[in-house]
Amino acid sequence: MTNINTIIKQAPFVLGGVEKRLYMPERMTLDLDILGKIEDAELIYQDLEQANGEKIGDLSIPDSQWKLDDGTSLDVLECSVNWVTEALDHANYSPDGLPIIDLLYLVLMKLIAVRSQDLADISRMLGGAKDVQLDHVKAVINQYLPNAVEDLETLMILGKLEQQSRKFSFYQVI
């Protein structure tokens, strides 16, 4: 897979798609996602074009999909909401140095998306999170998406239950 750090140079960004490696067991994904501020989109597109990236089309306004030289599918997610700048300023870093969105904002982003896979991801990520992380996630959700706090708490419980069930094999239950 392409090292995105060698392509995107002019604008700040946080990777998605592969970020879950830091927060839960990895699952197969067919693309790479990057999150950027909407005002940086043209800089990101310039970098992609200079790296021979090909714009495939628009996903939803204002997101787009690109194909990189090595065949990697890249989704560019552009956001103008106020928490994106905060998320970009507080990135985590993967072992290979890629900037990864912090768990707090990843959960927020996935709650906003409301896709079934995103809800499953949230549950798995929160199932493995420490109590202090869960408190920070709750605070961010309460600040930016207060109507989702009850759903978040349900996903936390489900995640913990799934985490506990992994500790027991099928044969231990019988």
Inset, instruction - Just give me the residues in segment 33-60 being basic (Lys, Arg) and within 24 Å of residue 102 (Cα to Cα), in sequence order. - result: 37
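Conditions (1) assigned by TED's automatic domain parsing to the domain that holds residue 6; (2) buried (at least 21 other Cβ atoms within 10 Å of the Cβ); (3) modelled with pLDDT of 85 or more, marked per residue:
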position: 94; (1), (2), (3): yes, no, no
position: 108; (1), (2), (3): no, yes, yes
position: 112; (1), (2), (3): no, no, yes
position: 130; (1), (2), (3): no, no, yes
position: 135; (1), (2), (3): no, no, yes
Inset, instruction - Can you tell me which residue among 116, 123 is outside the structural domain of residue 23 (by TED's automatic domain parsing) and surrounded by 17 or more Cβ atoms within 10 Å (Cβ to Cβ)? - result: 123
Inset, instruction - Can you tell me which residue within segment 66-92, out of those that are β-branched (Val, Ile, Thr) and surrounded by fewer than 19 Cβ atoms within 10 Å (Cβ to Cβ), is farthest from the chain's Cα centre (by Cα)? - result: 72
Inset, instruction - Identify, by number, the condition in (1) modelled with pLDDT of 80 or more; (2) in a strand (DSSP E or B) that residue 15 doesn't meet. - result: (1)
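The values are calculated or read from the model by the stated rules, or taken from the named source; none is laboratory data. On a predicted model such as this, the values are computed, not experimentally measured, just so you know. Don't worry about glycine lacking a Cβ; one is built from the backbone with ideal geometry, like all the others, and counts go over all protein chains shown.
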